[in-house]
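To start, the structure under review is shown below, and the notes come after it.
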Amino acid sequence: MKEKLTFLIFSILTFLLISCNAVSIQNTSNDFKWKNKKFDNKFELKLDYKPTIINKIISKEPIFFDLNDSLSLDINYRIKSTLVKKLQKRNIYLTEKDEIILSVDSLVFQEYSESKSVYSNDGLEYLNDSEQDFFKFKIVGSIKSKRLEEEIAVKKEHNTDPRESYTISGIIVKDGINANAEKMIENTINEFSYRVYEKLK
């Protein structure tokens, strides 16, 4: 009986969090997807980190901060240091030897907003217009050696979609708010490190 009650309370709280948009799946770590995907022995490559930073932000409430300085986006979100840590978890370490070169060619930070008409959950009543916000982070690079030349590109996209509240009729809320830019970027870099491992393997 106690287990059923606990499960019921948990289910209600989860529903309220989702319906009130207090959580976002973007904040969930993707480490479990690539866990233990690493070389048995130490693997070395040279990192050529000179990315072109593409920063297209057209949004009233941007998720990316310090938007006037593209370089600061790279620094503030610790792209290079996070990549090095993720590679090390896969037993891939940096060297000055240029037998195998991993280059990071571009980082893309994009965000914009557009107007969207919102209708009731049954689709019959027009409620109002609201802003739908989109954002994306993308990392593009390549692996080069005498035998291999492969491009690697990974991106994460997300949008906050306005809709009628599940709990209060007539009220417009947004799905996916509170998405964390740092977590989205970390997840993208983590997947990028896995794609590097995958190509090298």
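Filtering segment 82-105 to residues that are touching a Gly at 6+ places or on another chain (Cβ under 8 Å) and either of a type in the set (S, T, Y) or surrounded by 17 or more Cβ atoms within 10 Å (Cβ to Cβ) (or both) leaves L102, S103, V104.
Apart from one condition, S120 fits all of (1) in contact with a Gly (Cβ under 8 Å, 6 or more places away or on another chain); (2) in contact (Cβ under 8 Å) with a residue 60 or more places away in the chain; (3) under 30 Å from G170 (Cβ atoms); the exception is (2).
Would you mind stating whether K144 is more than 27 Å from S59 (Cβ to Cβ) and among the basic types (K, R)? Let's see the steps before the verdict.
Values: more than 27 Å from S59 (Cβ to Cβ): yes; among the basic types (K, R): yes.
So K144 passes the test.
Screening V118 on (1) of a type outside the set (K, R); (2) at pLDDT below 90; (3) in contact with a Pro (Cβ under 7 Å, 6 or more places away or on another chain) shows it passes everything except condition (2). Checking each residue in segment 152-191 for being open to solvent by 60 Å² or more (accessible area, probe 1.4 Å) and among the basic types (K, R) picks out only K155.
What's the total number of residues in segment 151-198 that are more than 16 Å from K85 (Cα to Cα) and in contact with a Leu (Cβ under 7 Å, 6 or more places away or on another chain)? Number satisfying all stated conditions: 3.
Within segment 1-51, being at pLDDT 60 or above, open to solvent by 80 Å² or more (accessible area, probe 1.4 Å) and assigned to a helix (DSSP H, G or I) holds for K2, E3, K4, L5, T6, I9, I25, F32, K33.
Here L94 does not fit the description of being at pLDDT below 95 and in contact with a strand residue (DSSP E or B) (Cβ under 6 Å, 6 or more places away or on another chain). Among the residues of segment 25-63, the one identified as touching a helix residue (DSSP H, G or I) at 6+ places or on another chain (Cβ under 6 Å), touching a residue at least 60 places away in the same chain (Cβ under 8 Å) and β-branched (V, I, T) is I63.
The values are calculated or read from the model by the stated rules, or taken from the named source; none is laboratory data. What you see is a predicted model, and the numbers here were worked out from it, not measured in a lab. In this analysis, Cβ positions are derived from the backbone assuming ideal geometry, glycine residues included, and neighbour counts consider all displayed protein chains. For the accessible areas, the whole protein counts, side chains as well, though only heavy atoms, and no ligand, DNA or RNA atoms are used. Shrake-Rupley method; radii C 1.70, N 1.55, O 1.52, S 1.80 Å.
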